[in-house]
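S.K.: Questions regarding the structure given below will be posed in turn.
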Amino acid sequence: MLYSVLLFVSTLTVFFSFFLVYKVTVLQDDINKLRGDISNLMPHSNESTDGMITGMSRTWERSKQAASLNSQQQRQTEKDSQTLCSPTASSLRMKREQAGCSGVQQSFLQLSANTKEQPFVRGNVTVIPWTVALHQGEAISSTGDRIIIQQEGFFIVFGQVLFQSPGTIMGHIVRSRGTGQRSTELLRCLQEMPQTNCANTCHTGGMVKLEREDELELVIPDRPQAQVSMDADSTFFGIIRLN
């Protein structure tokens with residue numbers, strides 16, 4: 001019986017020994033796997049850390065560049081402000097303002113029909129007697145039934161006649177004549193007149209270039225019996241110089 005007990009104890013001891021050896025082996029494998037996982041994770045961590053550091057470096061560089069640009073812009077703004085406030089700039093600005101305040105007047109002239117007279121025939125044209133309605137500036141003057149250009153340049157010329165002749169085509173022309181030159185037609189207007197209630201307005205206008213001492217006149221060609229309204233608001237002739 002004692003032998004049987006010893007044999008059982010020995011068997012139990014051997015069994016526990018194998019069991020412990022198995023546990024140690026499993027534990028060793030787990031430790032090795034854990035070490036492998038840790039070693040695999042370390043490079044990614046380093047890469048993440050490196051990426052974070054690189055991103056921070058780039059952000060810092062961009063911040064430095066933005067700060068430098070803002071500083072340059074501020075210095076340029078201060079420089080421009082100093083330039084504008086300098087005596088030379090102030091003097092130029094003052095001269096421009098003075099020139100604007102004391103600039104040359106806009107020259108214009110408008111003639112209206114002279115109610116005290118009637119149209120008259122001169123050669124093959126009918127001439128309307130005029131009187132000065134508005135006048136400003138020294139670039140334009142008038143004499144008799146003509147406008148005289150005193151300063152060359154570009155001008156807006158306009159003319160209107162209220163015809164009262166029944167049943168025919170009426171119209172007028174604006175022509176210019178230089179010194180020693182033949183007349184040149186600048187503008188023309190034609191208007192068909194009704195048989196009854198015979199009143200129709202013919203208006204024309206345009207921009208032309210004129211020389212000094214050019215003479216302008218508004219005439220009615222080939223209509224010696226032309227009937228014209230002599231009201232100032234119906235029949236007029238004018239010119240404006242473009243500065």
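S.K.: Applying the Karplus parametrisation 6.51 cos²θ - 1.76 cosθ + 1.60 with θ = phi - 60° to the phi angles of region 128-136, what ³J(HN,Hα) value in whole Hz is obtained for each residue in order, glycine and proline being reported as x?
M.R.: Each residue of region 128-136 in turn: 9, x, 10, 9, 6, 9, 9, 7, 8 Hz.
S.K.: Along the Cα→Cβ direction, 7 angstrom out, place labels at V132 and Q106. What is the inter-label distance in nm?
M.R.: Once both label points are built, they end up 1.9 nm from each other.
S.K.: Applying 1/(1 + (r/R0)^6) with R0 = 22 Å to the Cβ-Cβ distance of Q191 and D233, what FRET efficiency is obtained, to the nearest 0.05?
M.R.: That pair, Q191 with D233, gives E of 0.80.
S.K.: Compute the FRET efficiency between T201 and R177 as 1/(1 + (r/R0)^6), taking r as their Cβ-Cβ distance and R0 = 30 Å, and round to the nearest 0.05.
M.R.: 0.70
S.K.: Using a 1.4 angstrom probe on heavy atoms only, work out the carbon and sulfur share of the accessible area of region 108-190 in %.
M.R.: Answer for region 108-190: carbon and sulfur cover 48 percent of the accessible area.
S.K.: If amide H atoms are built 1.01 Å from N in the plane of the peptide, which residues on other chains or at least 5 residues away come under 5 Å of the amide H of S107?
M.R.: Excluding prolines and chain starts, which carry no amide H, the hits are R241.
S.K.: Once you place label points 7 Å from the Cα toward the Cβ at F154 and I169, how far apart are they in nm?
M.R.: 3.2
S.K.: Given labels modelled 7 Å from the Cα in the Cβ direction, how far is it in nm from S17 to V121?
M.R.: Each label point is offset 7 Å from its Cα along the Cβ direction, giving 15.9 nm.
S.K.: Next question. Tell me which residues come under 5 Å, amide H to amide H, from V125 once H is placed; ignore anything under 5 positions away on its chain.
M.R.: HN-HN under 5 Å from V125: D222.
The values are calculated or read from the model by the stated rules, or taken from the named source; none is laboratory data. What you see is a predicted model; the values in this text were computed from it and never measured. All Cβ positions, even for glycine, are placed from backbone atoms using ideal geometry, and neighbour counts span all protein chains on display. Heads up: the accessible areas ignore ligands, DNA and RNA and are worked out on the full protein's heavy atoms, side chains in. Shrake-Rupley method; radii C 1.70, N 1.55, O 1.52, S 1.80 Å.
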